[in-house]
Structures are given as C-alpha cells and as structure tokens.
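Since the structure comes first, as structure tokens, the remarks are kept for the end.
Bear in mind that the values in this text are calculations on the coordinates, not laboratory data. Keep in mind that what you see is a predicted model, and the values were worked out from it rather than measured. All Cβ positions, glycine included, derive from the backbone under ideal geometry; neighbour counts span all protein chains shown.
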C-alpha cells in the first residue's frame, strides 16, 4: 500500500535498505525482534489507556495486520481483493479468517431475497429482517450490525437484473439446432 504521498516522502527522505526494507539499523542491517518489541511496548503504554495496555489489544505488531484483514472482510471487501492486499491465496485467507467474518449470513439472506424479488413481475421490496437484540451481542457484533445496516441493498430492477419471463429473449428467435439427425 505504499505509494501514498506521505509514504513517498518518507522513502525519499530516509531511503530503504539495499534489500528494500524501510526499517533498519543505522548501518543498514535488520532490526532485531527484541528491539521492535521494546519500542512496541513503549508505544502501547503511551498510546493506550492503562486498562487497554493491560489487555491483549495490539499486543504484537502483527496483531494490527490481523485486525486490518478482519476489518476489510467485515466491511464487505471481496475476499479476492483482501487476499491480494494481504499477500495470501483466497484459500489461505478464508481458512485463517473465516471465523472473523461477522453477520454475513444476514447479508447473504438479503441478497437471496433480492434475487427472488427481481424475478417477480411486480418486484416488491424484500422483507426487512428483524434486527438482533443488541443486548445479546458483544461490542464487535453490535458495531458490525450497525455498519451493515448502512449498506445499500442490491437493486431489484434494472438492466443487470433477471428479466421477467414475459419478456421475449433473443435466443427464442434462433432456429432449432440441427444435430445431424
């Protein structure tokens, strides 16, 4: 995801190591894991409230990557795109992160309802599914439930929808194939 203006300025100012790494020691070698973790712990203690710092929240730098991938999937970014950004195959992505995707069952049901509505002569708005009781869900589920409610439902009519059965199809004008019988 480099290439944003701020990233380009940092690279222009500080350069990279011969192998392309952004973070390196003064002579250009790799930074030891113990040094990364020491700086990381200090940053957590500075940035987080005491209760958050005592929790497993962002305990390791890698946790941020996991959080980002989970967030992208829950935001509805197609798994193929997330896999590309994360450097995974789709198979590995779904094997690792499938349990992190929240609320996709409700989204899938809305898409199925919309597909049936598109096939009706007089399409009607699909029935709204009752929202889940927010008291029974954890904060992550509650936030996701609220965010998925803002998604635009698929169109039930238009040029990219299933045509009505009464509309003649171009293939109906084609002659029957001669199979050589």
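Expected output is a single nm value to one decimal: the length gained when fully extending between residue 120 and residue 100, i.e. 0.36 nm times separation in residues minus the C-alpha distance. What is it? Before the final figure, lay out the partial values.
Numbers: separation 20, 0.36 × 20 = 7.20 nm, distance 3.52 nm.
My answer for the length gained is 3.7 nm.
Determine Rg/Rh for the range 5-58; Rg is computed over alpha-carbon atoms and Rh is the Kirkwood hydrodynamic estimate from the same atoms. Don't skip to the end; give the middle numbers.
Working: Rg = 14.7 Å, Rh = 13.2 Å.
A ratio of 1.11.
Test of understanding: ordering 26, 110 by Cβ neighbours within 10 Å, fewest first, what list do you get? Write down the numbers at each step before the final one.
Values: 26 5, 110 18.
So the residues, fewest neighbours to most, are 26, 110.
Relative contact order of the range 32-100, please, whole-number percent, based on alpha carbon pairs below 8 angstrom and at least 6 residues apart.
Details: 24 pairs, mean separation 14.0, N = 69.
Normalised by residue count, the contact order of the range 32-100 is 20 percent.
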Practice task
Subtract the Cα-Cα distance of residue 23 and residue 65 from 0.36 nm times their separation in residues, and report this length gain in nm to one decimal.
Solution key: 13.4 nm
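Dividing the alpha-carbon radius of gyration of the range 32-100 by 2.2 N^0.38 Å (N being the number of residues), what value is obtained? If you can, show how the numbers build up before the last one.
Working: Rg = 14.5 Å, N = 69, 2.2 N^0.38 = 11.0 Å.
Normalised by 2.2 N^0.38 Å, the Cα Rg of the range 32-100 equals 1.32.
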Exercise for the section: Mind giving me the nanometre distance, one decimal, between the label points for residue 108 and residue 35, set 7 Å out from Cα along Cα→Cβ? Expected result: 4.8 nm
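What does the extension gain come out to for residue 90 and residue 54, with contour length at 0.36 nm per residue minus their alpha carbon separation? The partial results should precede the final answer.
Working: separation 36, 0.36 × 36 = 12.96 nm, distance 3.41 nm.
That works out to 9.5 nm of additional length.
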Exercise for the section: Please arrange 113, 63 by counting, for each residue, the other beta carbons lying within 10 Å of its beta carbon, fewest first. Expected result: 63, 113
